[in-house]
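Chemist: Quick one: the structure is below, and I'll ask about it shortly.
Read-outs: derived from the displayed coordinates by stated rules, not from any lab. Treat the numbers as computed from the prediction; the structure is a model and nothing was measured. FYI the Cβ positions are ideal-geometry reconstructions off the backbone, even for glycines, and counts take in every protein chain you see.
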Ligand code: ADP
Ligand code: MG
């Protein structure tokens, strides 16, 4: 792996009896877009707060840029840009003034600051809203302002905690593209979300969290190859005989068949010609069928196989 930007070892964080982080281990390499994916309450924000030394933890260690993280480790903190889950901007300041304020905490040189603020305004697409006060902005624009304030000083490590929650699709795409652009410009990114599609779209590596533990980590391809399911085939067919269902279950690579509302859901492990074998069976048995489609595993399937519950359901 490239140089390590964040190393978390055996991190334990309790809130009284509740164990929010349960021996969490994570490593983020330079240049990654690292995704922390997990349902609400799985510990994503707690992990971020520990990385930033905003929280005391009970056990373990957190290193950022090779240094043990401390609340007063300003040389490291200067290199980090944070976009917190709850929007944190000043209501009394305009869009432009907010970005200037946050940038000014890090960048003393006036000329450089002016240029960085301009770049952040353009980057977030806030040119037409410079003079607006935050309360006049839509949810999506407010998020974009929140991001602009977090990244204007060009930090080497950018941490974004669920920056797309309750955001319209247009702003969401803009935000996701923006994160990829920041990464192309050289920033390492840590991105938390409970939306598996987003994490798949932009992250080079992903850690799946559940109940404060990392249950799996790797590229999306690696994660998907960890599970039994290789393909899920749907066939629209009603009124199959029990013996025919058994026949499908007995086909090579098929390990689970479920029927619901006239749709069969057939899970197959690996194999390349599952669909052909299944339709061949339907033809031989002269079973009429309608729509047919095949799906590759999603991160939801990974979560489901490892934890026994749906990522979507537990998001709430
Ligand atoms: P996520 O960001 O993945 O939704 P959190 O890190 O916010 O998860 O929360 C992890 C667990 O810790 C949850 O069960 C949550 O209720 C609990 N928790 C978070 N913050 C506090 C706190 N300040 N006091 C007590 N419990 C907390
Ligand atoms: Mg959170």
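Chemist: Once every Cα of the chain carries one equal point scatterer and solvent is ignored, give the base-10 log of I(q)/I(0) from the Debye formula at q = 0.11 Å⁻¹, two decimals.
Modeler: -0.76
Chemist: Under a point spin-label approximation (7 Å from Cα along Cα-to-Cβ), what is the residue 138-residue 246 distance to one decimal in nm?
Modeler: The modelled label-to-label distance comes out at 5.8 nm.
Chemist: Determine the relative contact order of the chain: mean sequence separation of Cα pairs under 8 Å and six or more apart, normalised by residue count, in whole percent.
Modeler: On the way: 598 pairs, mean separation 61.6, N = 316.
For the chain, the relative contact order is 19 percent.
Chemist: Given the DSSP H assignment, sum -39500 (n - 2.57) over each helix run of at least 4 residues in the chain and divide by its residue total; what's the result at 222 nm in deg cm²/dmol, nearest 500?
Modeler: Taken over the chain, the calculation gives -10000 deg cm²/dmol.
Chemist: Using a Gaussian network model of the chain with C-alpha springs under 10 Å, which one of 187, 238, 216 is most mobile by mean-square fluctuation?
Modeler: Of the options given, 238 has the highest mean-square fluctuation.
Chemist: Now for a different question. Mind checking which of 102, 289, 34 has the largest fluctuation in a GNM of the chain, springs on alpha carbons under 10 Å?
Modeler: Of 102, 289, 34, the most mobile in the Gaussian network model is 289.
Chemist: What are the equivalent ellipsoid semi-axes of segment 198-275, built from the alpha-carbon gyration tensor (square roots of five times its eigenvalues), in whole angstrom, biggest first? If you can, show how the numbers build up before the last one.
Modeler: Details: eigenvalues 199, 36, 28 Å².
Working from the Cα gyration tensor, I get semi-axes of 32, 13, 12 Å.
Chemist: Here's a follow-up. Quick check: the angle from helix 274-284's long axis to the longest principal axis of the chain, C-alpha only, nearest 10 degrees?
Modeler: 30 degrees
Chemist: In Å and from the alpha-carbon atoms only, list the Rg and Dmax of segment 1-75.
Modeler: Spelled out, the Cα radius of gyration and Dmax of segment 1-75 are 12.3, 38 Å.
Chemist: Would you mind telling me the antiparallel percentage of the DSSP bridges in the chain, rounded to 5? Intermediate results must be reported in sequence, preceding the final value.
Modeler: Values: 38 of 56 bridges.
Bridges in the chain that DSSP calls antiparallel: roughly 70 percent.
Chemist: Which residue, 141, 245, 209, tops the fluctuation ranking in a GNM of the chain built on C-alpha contacts under 10 Å?
Modeler: Answer for the Gaussian network model of the chain: 245.
Chemist: Once a ≥ b ≥ c are taken as the square roots of the eigenvalues of the Cα gyration tensor of segment 162-294, is the result rounded (a/c under 1.5), prolate (a/b larger than b/c) or oblate (a/b not larger than b/c)? Intermediate values should be presented prior to the final figure.
Modeler: Details: a/c = 2.95, a/b = 2.33, b/c = 1.26.
Prolate, since a/c reaches 1.5 and a/b exceeds b/c.
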